[in-house]
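Written below as structure tokens is the structure these notes are about.
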């Protein structure tokens, strides 16, 4: 199965309180984005595209490599919009993984599980159970355990806010389905931003990993 990877690295990173682009902040001697790219490269993807925005020129200068494609998101209208900017740089067919440049502890084995779950055209999302789950979109499942929707906390009912399974934002989807979502992206939450996990048959891949400093870091 052909695998392509999109890494979202356009965020401003206000909580970092630094002029340095968020994904260039160091961890273990390397920029955060370097760790994500290493995990992505372990899959030998046919295309590896980084979507930049704030500080994009600096990010590209620091990490440019022959195997990277670069896309720019301007203005920044959410993850779904960011993925749309990468589509012209991807090949037709296969599975696309969407990763985040500020999630450095994502492990290759987790990515492989996500690729397997996305086989057959399903939208595969990586989830985690947190207590408390404050700040994260909640995973709503039906009686059969199937994921039926993701509700952002600001849009959730009291019952939905009590759900402890949350959306990490990391996902796998078929390239063709990504193109279809581009045609009808919708606006799915009160923030008025495009969501990258708003439609289609969905499989939730749960895992246990650390949450560090309020950020999503997965092992």
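Derivation of every value follows stated rules applied to the coordinates shown; laboratory data play no part. None of the values given here were measured: they were computed from a predicted structure. Quick reminder, even Gly has a Cβ in these numbers, built from the backbone with ideal geometry, and neighbours come from all protein chains shown.
The table below lists the values:
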item	result
Whole-Å semi-axes of the ellipsoid equivalent to the stretch 23-156 (Cα gyration tensor, √5λ, descending)	26, 18, 16
Cα centroid separation - the stretch 1-73 against the stretch 101-118, whole Å	15
Relative exposure of 155, 64, judged by other C-beta atoms within 10 Å (fewest first)	64, 155
Sequence of 22, 14 once ranked by neighbouring C-beta atoms within 10 Å, starting from the fewest	14, 22
The stretch 1-147: antiparallel DSSP beta bridges as a percent of all, rounded to 5	15
